[in-house]
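To start, the structure itself, in structure tokens.
Just so it is clear, none of the values below were taken in a lab; they were calculated from the coordinates. Worth saying up front: this structure is predicted, and the values here are computed from it rather than measured. FYI the Cβ positions are ideal-geometry reconstructions off the backbone, even for glycines, and counts take in every protein chain you see.
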Amino acid sequence: PTAVLDGVDGIVLGAETLRGLFPILTVKTVLLCAKQAQSAFDNNQYFSNLMKRTHFLSQLESMASSTVRVADKIQAGLIVVVTGSGRTARLVAKYRPDVPVIALTVPRIRADAFNRWHYSGRHQARQSMIVRGLYPMLAVGTADEGGILEDCVERAADLGIAGADQNIVILFNPPGSEVPVIKLVSVDRQGKKMDRRVGSVANNMFSASSVSVLGGSSGSESSLDERDVGIFP
């Protein structure tokens, strides 16, 4: 329990499951203890302390922390982060929101200088599994932004991650935009698909003067990573 309250992302068992007589029972017991400790975790206090200790935030991390704050204020049931490398989703998870975070990874196929094709997406999604609170999901369907987000909400509802009439906070980079956007949507009353658009906030919250158009993971120049190249953060 102490490790969970300290903010660890995972717990590794050694001899208990390697040579122990009751490996399955051990895992179930640890999981139960972790859930009990998580229920006592003060997410708001953790967020406040983390913000007080942080003297500078890049543009990208500012949007990540704002996403967590918005989700808390509107009592959202889910956060969706559209990402290419998973870095933006990890920044959101850093602030320990008390709701699940879907790391919606957009697969990409691109050619290098030698005209060799490279596929990315699955590896980045798998890497997100080790981070506390992140649920990796590969984007499918059309390349249209609206279609990708609607499909994500439908799958989240089918998996039971999002419930009927719940608000959802989405952090993404719209095509043609140089700054991330926090979009608020909700699930319909049947709990099956996206219902109505609640609104859009934080667009143009920061100056785009230090943002590169090539930076799909929009942030300050020092925070850009070539693995994030694309239209999504």
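Structure above, values below:
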quantity: Spin-label pair Asn43/Leu13, simplified geometry with 7 Å Cα→Cβ offset, distance in nm; calculated: 2.7 nm
quantity: Calculated FRET value between Asp6 and Ser177, using beta carbons and R₀ = 30 Å, to 0.05; calculated: 0.20
quantity: Segment Thr26-Arg132, extension gain: residue separation times 0.36 nm, minus the distance between their alpha carbons; calculated: 36.2 nm
